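Here the structure is laid out as structure tokens; the discussion comes afterwards.
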Amino acid sequence: MYFIKTCVPTPSLLYVDQIKNSIYIEYLDDCVTLKEWIDRLLSNKDEPSLDEAAKALGEVVAKLHLNGIIHGDLTTSNFLVRAGQMNEFQLIVIDFGLTTIESANNPEDKGVDLYVLERAFLSTHPNTEQLFKLVLKAYKHAYGGNSKDTFAKLDEVRLRGRKRTMVG
């Protein structure tokens, strides 16, 4: 299934039980987390596939943001990878528990979303700063010219994060 109109792959929603406050979604048994996928590619030193994974991640996050969707918990554990034939793969977004939908373009929320992804990515996959730069480059390309405000906010959020780390 896809988030309607975003072209972002997600598990299919099967049923909503309002009495039990439960949702039932498609079980995807032929997938691994993006975290596992990247770890495997890093251990195999598969640079081309790592670059493709970074590019795909940046593009998917840009599609979410272009459609006003702020995930709220962007980590490589909240993306599934479904491998195809001939090194093809698909990223599937999961865990929308902290997601918000915006009607207005809010660069602050998008910058925070990217900051959460950056912190999670670099702490989960050490020494991958260059790889994460590819994520941001792909995001910028997919988002288009209007990404300047988001990246300016990302820089502001980074500064706030550093101050918090220094002060305690």
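The values are calculated or read from the model by the stated rules, or taken from the named source; none is laboratory data. In this text the structure is predicted, and so the values were computed from the model without any measurement. Neighbour counts are summed over all protein chains in view; Cβ atoms, including those assigned to glycine, are modelled from backbone coordinates with ideal geometry.
With 159, 57, 136 as the choices, which residue is out of contact with any Cys (no Cβ under 8 Å at 6 or more places or on another chain), hydrophobic (A, V, I, L, M, F, W, C), more than 19 Å from residue 7 (Cβ to Cβ) and at pLDDT 95 or above? Talk me through it step by step, then tell me what you get.
Working: 159 fails: at pLDDT 95 or above; 57 fails: more than 19 Å from residue 7 (Cβ to Cβ).
Checking each option against the conditions leaves just 136.
The test for being under 17 Å from the mean Cα position of the chain (by Cα), of a type outside the set (Gly, Ala, Ser), surrounded by 12 or more Cβ atoms within 10 Å (Cβ to Cβ) and more than 18 Å from residue 133 (Cβ to Cβ) does not hold for residue 50.
Here residue 165 clears all of (1) buried (at least 18 other Cβ atoms within 10 Å of the Cβ); (2) modelled with pLDDT under 95; (3) among the hydroxyl-bearing types (Ser, Thr, Tyr) except the condition numbered (1). For residue 17, state whether it is without any contact (Cβ under 8 Å) to a residue 24 or more places away in the chain, more than 19 Å from residue 99 (Cβ to Cβ) and charged (D, E, K, R). When the stated conditions are applied, residue 17 passes them.
Just a yes or no: is a residue in the range 18-25 in a helix (DSSP H, G or I) and either of a type outside the set (Ser, Thr, Tyr) or farther than 26 Å from residue 142 by Cα (or both)?
Narrowing the range 18-25 to residues in a helix (DSSP H, G or I): none.
The answer is no, given that none of the residues of the range 18-25 is in a helix (DSSP H, G or I) and either of a type outside the set (Ser, Thr, Tyr) or farther than 26 Å from residue 142 by Cα (or both).
When you check residue 110 against the structure, is it touching a Pro at 6+ places or on another chain (Cβ under 6 Å), buried (at least 18 other Cβ atoms within 10 Å of the Cβ) and among the charged types (D, E, K, R), yes or no? First the steps, then the outcome.
Values: touching a Pro at 6+ places or on another chain (Cβ under 6 Å): no; buried (at least 18 other Cβ atoms within 10 Å of the Cβ): yes; among the charged types (D, E, K, R): yes.
Considered against the rule, which asks whether it is touching a Pro at 6+ places or on another chain (Cβ under 6 Å), buried (at least 18 other Cβ atoms within 10 Å of the Cβ) and among the charged types (D, E, K, R), residue 110 comes out as no.
Of all the criteria given as (1) touching an Asp or Glu at 6+ places or on another chain (Cβ under 8 Å); (2) in contact (Cβ under 8 Å) with a residue 40 or more places away in the chain; (3) closer than 19 Å to residue 32 by Cβ; (4) not in a helix (DSSP H, G or I), the one not satisfied by residue 95 is (2).
Quick one: would you say residue 119 is basic (Lys, Arg), under 17 Å from residue 34 (Cβ atoms) and part of a helix (DSSP H, G or I)? Full working, then the answer.
Numbers: basic (Lys, Arg): yes; under 17 Å from residue 34 (Cβ atoms): yes; part of a helix (DSSP H, G or I): yes.
It is true that residue 119 is basic (Lys, Arg), under 17 Å from residue 34 (Cβ atoms) and part of a helix (DSSP H, G or I).
Scanning the range 65-88 for residues that are among the hydrophobic types (A, V, I, L, M, F, W, C), surrounded by fewer than 20 Cβ atoms within 10 Å (Cβ to Cβ) and not in a strand (DSSP E or B) returns 66, 86.
Report yes if residue 32 is buried (at least 20 other Cβ atoms within 10 Å of the Cβ), out of contact with any helix residue (DSSP H, G or I) (no Cβ under 7 Å at 6 or more places or on another chain) and at pLDDT 95 or above, otherwise no. Steps first, answer last, please.
On the way: buried (at least 20 other Cβ atoms within 10 Å of the Cβ): no; out of contact with any helix residue (DSSP H, G or I) (no Cβ under 7 Å at 6 or more places or on another chain): yes; at pLDDT 95 or above: yes.
In short, no.
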